[in-house]
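The values are calculated or read from the model by the stated rules, or taken from the named source; none is laboratory data. Remember, it's a predicted structure, so these values are computed and weren't measured experimentally. Here Cβ is always computed from backbone atoms with ideal geometry, including for glycine, and neighbour counts include all displayed protein chains. Accessible surface areas use protein heavy atoms only, side chains included; no ligands, DNA or RNA. Shrake-Rupley method; radii C 1.70, N 1.55, O 1.52, S 1.80 Å.
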Amino acid sequence: VQLQASGGGSVQAGGSLRLSCTGSGSIFSINDMGWYRQVPGKQREWVATVTRGGFTNYADSVKGRFTISRDSAKNTAYLQMNSLKSEDTAVYYCNAEIRTPKLYVYWGSGTLVTVSS
């Protein structure tokens, strides 16, 4: 099983980006899917989570600007990031609770988001 994140890039402050995270391999089902981010020299921080039922939760720092969603048929989660700020610059990682049938938390590769002011 693999998780692949994509969609990062460089954008000016106030702009938007959409990240994707897709699971592949022998997947029975996926429970929660989430996004985290990390700045060099700092701890990884949680950004947002979407449950299997579609419930969402956000870190206060992104609430109202970021939207997490998922397409379960495609084993994919998305993070729509609007009104980006320079402090959103980080490597973004996705993770997911995947049943194969054993339940395990998988992490995807990171994708770099750079916001210039």
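Worth a mention:
- Debye-sum result for the chain in log10 I(q)/I(0), which assumes one identical scatterer on each alpha carbon, at q = 0.14 Å⁻¹: -0.53
- Listed residues 106, 93, 78, most fluctuating in the chain (Gaussian network, C-alpha, under 10 Å): 106
- Accessible area expressed per residue, the chain, with surrounding protein chains retained (probe 1.4 Å, Å²): 54
- Considering only alpha-carbon pairs that sit under 8 angstrom and 6 or more positions apart, the relative contact order computed for the chain is 36 percent.
- Qualifying aspartates and glutamates (Cα of each under 17 Å from Cα of residue 85; at least 8 residues distant if same chain): 45, 60
- Tensor-based shape of the stretch 25-70 (alpha-carbon gyration tensor, a/c under 1.5 rounded, otherwise prolate or oblate): oblate
- Our summary gives the stretch 55-117 a relative contact order of 26 percent, counting only alpha carbon pairs under 8 angstrom and 6 or more residues apart.
- Nearest-20 debye value, the chain charge dipole, Cβ charges on Lys, Arg, Asp, Glu: 140
- Among beta bridges from DSSP that stay inside the chain, the antiparallel ones total about 90%.
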